[in-house]
């Protein structure tokens, strides 16, 4: 098995055992990138020179017998809306095409402190607004399972990178499902941590009260490892939680028998039959593990999409007001100030970003604020309380991760409403500040090619431990089911002599 | 309420590309229509949630100077710099 | 005397004053907030609004804001919030200003003015961050017109003090601003220098017929550069609006600009609707929670305010109220005065010399009252020299000026310039005799009963001795010799 084919846990074991050097690990993944990337377009930037320096630093530590860190020698792909000092941070937008981040995000410095190697910046929907990575200004990313389909979004690049073996782990951001949905579409694990658990400092803000940074990896353990490295209080982030964390890896294999799990029936509405089938078979699996499953109803879930789009757009319109071409970023040719703003923003932002800014501006305008923004904020409280009540009855809530499997490129992009309603299962988690894991549980065969289906496990705030524990148990119970198919898929991504690049 | 897309774009600081101005107007109208669902639900007794940190306290920092970055770095990535100033066109008169 | 402007119309003025807090660092980052540094030296990702940055609130700014609110008799909201105020302008990096709109730090305060004696109510005091500075270059004619931006000021902590429209005349406005400035200077909250921009004034003025119930339509004037500009602009606006109303017209809501040179207000912008700042609570910032302990500690450590000091000067030190008021025009003056007294200076003497000679000199030279150009030690030293008779009072005035201009010690100045008073009888006698013999006609006048002419002879002696003769002794000797 090549190094790039291994999980983070496996690679780490080899590095710590001194079987391989950090540099060799990096070599393997860079090779894989040159193989698979032309077909997938998962990366906006590959950061080879700085990665080499990082790797040699880690190797030196290992030689000296010093502690190389929790993630010694592991390459990590970073979504390109997270600042890595000295590297471009484009947010997949023409607005920031040439912008170099002058500082590291806290989550990045934590990774580097723990010996991780930043291998590259991955593609995303522009400014993290989207569910397919089709709104990127630097081309779409393809789904490794079927390159005519989207990898999901907005963290499509990170998910595709891990899924195809170009990086063992990646960081994504999740504002309405942007880690969980692409993880599900590409058959990998993705975790949205509790709001405030991972610092947002250095992460380009989309919606301040909804954004979360989280790991994407092949396995639950791999995600837990990254979470151990990046979580924790940061005084650069005023919303950072001061809660002490226990190791997320340490209790993964604890008993799950007796856990109470709820299925919100509202989450099953509109779910495609192939996905539902996969989901129900795994529910049965959970019951075999001794889990008590019950049906719940959370009526406020039917308003979740409206609440989400109003609040997220309002906050986004505010957070993106700083992009004006004055101090950094794209500046259009302009003779007056009005032109400077209007044209820089009008040509720098893509259509989806403009759409959301307009909705947000509308929702906050005098005369509309009460009807839209404030109402949405009140409905959000109602949703939070619905969840609180439910978590009084169950420990966890499960659902399919998405209502459908990966759709074809171009299929939904013209119909905003259709794209938005697809987020129904994921947005409530962000609205309520909860944590949730998305993990692969099987495949749909309804579309010609085999396409991954995912399970979402939702936990109470700060209860990542229980979420990960259940995920781990299910993963163990499934054995090699997912991995074997993934290996086959990865082998099919061979380098092609004549590559058709789609913009 | 008729959506005044020109006024909205102005408030948002965006000059809308002509190509999709009309499509965008239609799009927004239908999206906003959909969001009106929220007008039907009874929200009596619910306080609005404006952030996820309502129950936390603002942390306050000591008033000690710390220079984290040199201005030179910020000048490097600026679109237009004149001596040590950032330069922009002047506000159009009578606006 | 209370100003009576008009019998038929009255004005209602509200003032919005922005004050920069005297902290070391900015409101939401730890860049220096110092004034006057080279452009764009005190900047960082946070105050430049770079992607991914988040605010870190300044403890000292909160403390000073609370202190200001208490000094202005406000009631504090122990829980207050920060909100985002959106507008596009190049000196506002984030495209929004972090301010307090829905729940400000403090409300319902007042400032008392003397003439007429009334309370001007303060609606609110809230904390916000400042924007950067724009310098406009080029003119309307040339195409090459541009603005230069300096972000040193971006993020500096401000408090905004909003009055109710209780101010009824330009002079009341002046009194309010002077009182406000003094109160904030004495509570060490801010430098409050209009010329440095640490205090900025916007006005809202509306006019209505006297006794009318309905309020007039207000016009706004922003960033007036001095108290004088405020009073003049208000007076002008009053007349302008009155004219319109008297002819049956309607006042349009406008933002107007005060032209210092032409001394008129000019239309800047029509305000058809009030500006929509799309305020909403800042989701990045938890509520600002003040404990009662914190507030009590701020109250306890509050520097003495003018009224308290005036009471001390008048009741304890026996100074007249007028003196006490002059000495409390600026914290630097009262500190100087108290230091002199603690070094042994006699209060009334020190007071007189400060009020007349020292402040007079400073006024002449255009020196600001916030920095006394001589040390208390030297000042008291000089007064001692007068008390001991080493120099006369008149010479003392000279020495004071020399002290200020050269920084030298009074004793040294006196020695170097040979300014010692001549008091010994022998030398004075000789001079007096000479003056008498040279001014026989005047002597005759004095002997004839014209007492006042004695002063002329004294003056002659002073002239000859270059002011160094001891005037008391000269007087004595003249009387003695002339009565012989």
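The values are calculated or read from the model by the stated rules, or taken from the named source; none is laboratory data. Quick caveat: nothing in here was measured; it's all calculated off a predicted structure. Cβ placement follows ideal geometry from the backbone for every residue including glycine, while neighbour counts extend to all protein chains displayed.
I'd like to verify a number: residues in the stretch C:32-68 that are within 7 Å of chain B (Cβ to nearest Cβ), surrounded by 23 or more Cβ atoms within 10 Å (Cβ to Cβ), part of a loop (DSSP other than H, G, I, E, B) and in contact with a strand residue (DSSP E or B) (Cβ under 8 Å, 6 or more places away or on another chain), how many?
Number of matching residues: 1.
At least 2 residues that are buried (at least 18 other Cβ atoms within 10 Å of the Cβ), at pLDDT 95 or above and more than 7 Å from chain B (Cβ to nearest Cβ) in each: list the helices (runs of 4 or more DSSP H) lying fully within the stretch A:326-423 that qualify.
A:337-348, A:351-364, A:375-393
Please work out which residue is farthest from the other protein chains (Cβ to nearest Cβ), limiting yourself to the stretch A:59-93 and to residues that are farther than 30 Å from residue A:348 by Cα and touching a strand residue (DSSP E or B) at 6+ places or on another chain (Cβ under 7 Å). Break it down stepwise before answering.
Residues of the stretch A:59-93 farther than 30 Å from residue A:348 by Cα: A:59-75.
Next cut, touching a strand residue (DSSP E or B) at 6+ places or on another chain (Cβ under 7 Å) only: A:73-75.
Values: A:73: 27, A:74: 23, A:75: 22 Å.
Filtering first and then ranking leaves A:73.
Filter the stretch C:249-280 down to the residues that are surrounded by fewer than 12 Cβ atoms within 10 Å (Cβ to Cβ) and at pLDDT 90 or above, then identify the one that is farthest from residue C:82 (Cα to Cα).
This residue is C:249.
Select, from B:9, B:25, the only residue that is surrounded by 13 or more Cβ atoms within 10 Å (Cβ to Cβ), more than 8 Å from chain A (Cβ to nearest Cβ) and not in a loop (DSSP other than H, G, I, E, B).
Working: B:9 fails: more than 8 Å from chain A (Cβ to nearest Cβ).
The unique qualifying residue is B:25.
Among what's in the stretch C:69-93 and is in contact with a strand residue (DSSP E or B) (Cβ under 7 Å, 6 or more places away or on another chain) and more than 22 Å from residue C:283 (Cα to Cα), pick the residue that is surrounded by the fewest Cβ atoms within 10 Å (Cβ to Cβ).
Selected residue: C:75.
Go through B:19, B:44, B:33 for me and flag whichever is free of Cβ contacts under 8 Å to residues at least 40 places away in the same chain, more than 7 Å from every other protein chain (Cβ to nearest Cβ), assigned to a loop (DSSP other than H, G, I, E, B) and within 29 Å of residue A:312 (Cα to Cα).
Being free of Cβ contacts under 8 Å to residues at least 40 places away in the same chain, more than 7 Å from every other protein chain (Cβ to nearest Cβ), assigned to a loop (DSSP other than H, G, I, E, B) and within 29 Å of residue A:312 (Cα to Cα) holds for just one of B:19, B:44, B:33, which is B:44.
Do we have residue C:387 as modelled with pLDDT under 85 and within 47 Å of the chain's Cα centre (by Cα) here? Give the steps one after another, and end with the answer.
Numbers: modelled with pLDDT under 85: no; within 47 Å of the chain's Cα centre (by Cα): yes.
Spelling it out, it is not the case that residue C:387 is modelled with pLDDT under 85 and within 47 Å of the chain's Cα centre (by Cα).
How many residues does the stretch C:96-114 hold that are surrounded by fewer than 23 Cβ atoms within 10 Å (Cβ to Cβ), in a loop (DSSP other than H, G, I, E, B) and either away from chain A (no Cβ under 14 Å) or touching a helix residue (DSSP H, G or I) at 6+ places or on another chain (Cβ under 8 Å) (or both)?
Total satisfying the criteria: 2.
Which one is nearest to the chain's Cα centre (by Cα), of the residues in the stretch C:360-378 that are part of a helix (DSSP H, G or I) and touching a residue at least 40 places away in the same chain (Cβ under 8 Å)?
C:361
When the stretch A:104-143 is examined, which residues are found to be closer than 30 Å to residue A:16 by Cα and surrounded by 24 or more Cβ atoms within 10 Å (Cβ to Cβ)?
Of everything in the stretch A:104-143, those that are closer than 30 Å to residue A:16 by Cα and surrounded by 24 or more Cβ atoms within 10 Å (Cβ to Cβ) turn out to be A:105, A:106, A:107, A:108, A:111, A:115, A:116, A:117, A:119, A:120, A:121, A:122.
I'd like to verify a number: residues in the stretch A:224-254 that are in a helix (DSSP H, G or I) and touching a helix residue (DSSP H, G or I) at 6+ places or on another chain (Cβ under 7 Å), how many?
5
Would you mind telling me which numbered condition in (1) at positive phi; (2) touching a strand residue (DSSP E or B) at 6+ places or on another chain (Cβ under 6 Å) residue A:325 fails?
Among (1) at positive phi; (2) touching a strand residue (DSSP E or B) at 6+ places or on another chain (Cβ under 6 Å), the lone unmet condition for residue A:325 is (2).
Determine which single condition residue B:39 fails, assuming it passes every other condition in (1) more than 22 Å from the chain's Cα centre (by Cα); (2) more than 8 Å from chain A (Cβ to nearest Cβ).
The number of the failed condition is (2).
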